[in-house]
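What follows is a set of notes on a single structure, which appears directly below.
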Amino acid sequence: QVQLVESGGGSVQAGTSLRLSCAGSGRTFSSYYMGWFRQAPGKEREFVAGIWKIGDSTYYADSVKGRFTISRDNAKNTLSLQMNSLKPEDTAVYYCVADASQLTKVATKWDYWGQGTQVTVSS
């Protein structure tokens, strides 16, 4: 069992950067694959990025590759998403996710979700 709380969302201008954080509690943080999903109004939840349990492998959606960086600090029980060169189409609610058994782009297969944090990018 793990509880997740996102922070760092806000309203920014296109071309700028924002860093999201996710604080975890419960079982040992390193026991979980972790990632980020996002959901814009009227759209399905979209996989953004994922990271293996000790951070040795990372995965990104094509739409954010080269602009976003996912990282984790297991000693601090935190997950981060550094978002650079933000675009209006990045506007969405961003969710931190965790799962003990898999890293997948299918949203329904992740066991644990944070409450979400709003990111709004204006032009």
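So the values come out like this:
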item: Gaussian network model of the chain, Cα within-10 Å springs - most flexible of Ser30, Ser11, Ser80; result: Ser11
item: Qualifying chymotrypsin sites (Phe, Trp or Tyr not before Pro) for segment 22-89 [loop in DSSP, other Cβ within 10 Å: at most 16]; result: Trp52
item: Solvent-accessible ranking of Thr108, Thr28, Thr16, largest area first, probe 1.4 Å; result: Thr108, Thr28, Thr16
item: Unsatisfied cross-links (Cα-Cα over 24 Å) in the set Lys43/Lys105; Lys87/Lys109; Lys43/Lys87; result: Lys87/Lys109
item: Accessible area of the chain belonging to carbon and sulfur atoms, whole % at 1.4 Å probe; result: 47
item: Accessible surface, per residue, of the chain when the full set of protein chains is kept, probe 1.4 Å, Å²; result: 51
item: Assigned charges on the beta-carbon of Lys, Arg, Asp, Glu; segment 4-69 dipole about Cα centre (debye); result: 60
item: GluC sites (Glu not before Pro) restricted to segment 1-76 and DSSP loop, no more than 13 other C-beta within 10 Å; result: Glu44
item: Scaled radius of gyration (Cα, divided by 2.2 N^0.38 Å) that the chain gives; result: 0.97
item: Accessible surface of Lys65 - all protein chains present, 1.4 Å probe, nearest 10 Å²; result: 120
item: Nearby aspartates and glutamates by direct alpha-carbon distance to Lys53 (threshold 17 angstrom, same-chain neighbours under 8 apart not counted); result: Asp73, Asp99, Asp111
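The values are calculated or read from the model by the stated rules, or taken from the named source; none is laboratory data. What you see is a predicted model; the values in this text were computed from it and never measured. A quick note on method: Cβ atoms are made from the backbone with ideal geometry, for glycine too, and the neighbour counts reach across all protein chains shown. We work out accessible area using only protein heavy atoms, side chains counted, and drop any ligands, DNA or RNA first. Shrake-Rupley method; radii C 1.70, N 1.55, O 1.52, S 1.80 Å.
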